[in-house]
Amino acid sequence: MSAEEKNDQPHYHGHRDRLRDRLLDRGGESLADYEVLEFLLFSARARGDMKPLAKALLAEFGSLSRVLTADPETLAKVPGMGKASVAALRIVPEAAARLAREQMVDAPVISAWDQLLDYCRITMAHAPVEQFRLLFLDKRNRVIADEVQQEGTIDHTPVYTREVMKRALELGAAALILVHNHPSGEPEPSPADIAMTEELRDAAEKLGIVIHDHLVIGRAGHTSFRAQGLL
């Protein structure tokens with residue numbers, strides 16, 4: 001390539017190769033958050049400088065995690081974000097959730113507690129409304145089923161004790177782990193959360209089903225009813 005041809009190259013020429021080599025040689029921790037977004041956006045656009053769009057996304061949402069968990073409609077409102085770019089970002093939390101779930105179900109949940117928490121944070125911490133999730137376990141504490149039983153509003157999810165117990169019996173579950181999220185970000189259980197848990201525990205005990213824990217998931221962390229002496 002002549003000197004004149006080199007001068008005609010856009011300023012980002014070779015940038016993708018340099019990022020790729022840095023990732024492979026030095027690992028993902030060598031990349032800034034905007035560079036991670038650039039990498040993801042490369043798959044949506046064969047050419048072009050993705051750095052301005054990556055930085056615009058971070059400025060709009062405030063953090064990498066908020067970009068990757070934003071809903072498609074909100075992402076699409078950012079100038080420069082087309083369907084392919086939105087899809088390139090939205091596949092990341094789905095892949096992360098599947099990886100975390102596989103790691104969680106490969107061993108008894110009680111001995112894979114960190115993986116369980118990772119899975120719950122990935123799938124629920126950034127949800128815009130409350131979800132009530134049930135993990136049904138067998139006698140060896142392995143996951144039989146993982147189901148979102150109810151979705152509610154930003155600060156409430158209806159929980160029906162009879163439906164929970166009916167589903168547990170259908171699956172032949174020996175134990176349950178209850179999980180719900182607080183979209184407000186704070187994982188402190190409310191009086192209603194405590195009362196609902198007591199009602200479920202009493203009903204489960206009558207059927208010989210153990211409730212191992214109730215986890216409240218928020219962006220700021222999590223609360224375990226068992227650890228707090230609430231269960």
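The values are calculated or read from the model by the stated rules, or taken from the named source; none is laboratory data. None of these values were measured; they are calculated from a predicted model. Note: ideal-geometry Cβ built from the backbone for every residue, glycine included; neighbour counts use all protein chains shown.
A few points about this structure:
- Residues of region 54-64 that are within 19 Å of Leu23 (Cβ to Cβ) and surrounded by fewer than 20 Cβ atoms within 10 Å (Cβ to Cβ): Lys55, Leu58, Leu64.
- Checking every residue in region 214-222 against the condition of being in a strand (DSSP E or B) and over 17 Å from Leu134 (Cα atoms) gives at least one match.
- Residue tally, condition surrounded by 15 or more Cβ atoms within 10 Å (Cβ to Cβ) and either assigned to a loop (DSSP other than H, G, I, E, B) or not hydrophobic (A, V, I, L, M, F, W, C) (or both), over region 75-102: 6
- Yes/no for Arg90 being closer than 22 Å to Ala127 by Cα, in contact with an Asp or Glu (Cβ under 9 Å, 6 or more places away or on another chain) and modelled with pLDDT of 80 or more: yes
- Cβ-Cβ under 8 Å pairs, at least 6 apart or on other chains, region 155-166 side of a type in the set (Gly, Ala, Ser), far side modelled with pLDDT of 95 or more: none
- The listed residue being assigned to a helix (DSSP H, G or I), touching a residue at least 24 places away in the same chain (Cβ under 8 Å) and not acidic (Asp, Glu), out of Val67, Val129: Val67
- Selection over region 200-213 of residues that are surrounded by 14 or more Cβ atoms within 10 Å (Cβ to Cβ) and not in a strand (DSSP E or B) gives a count of 5.
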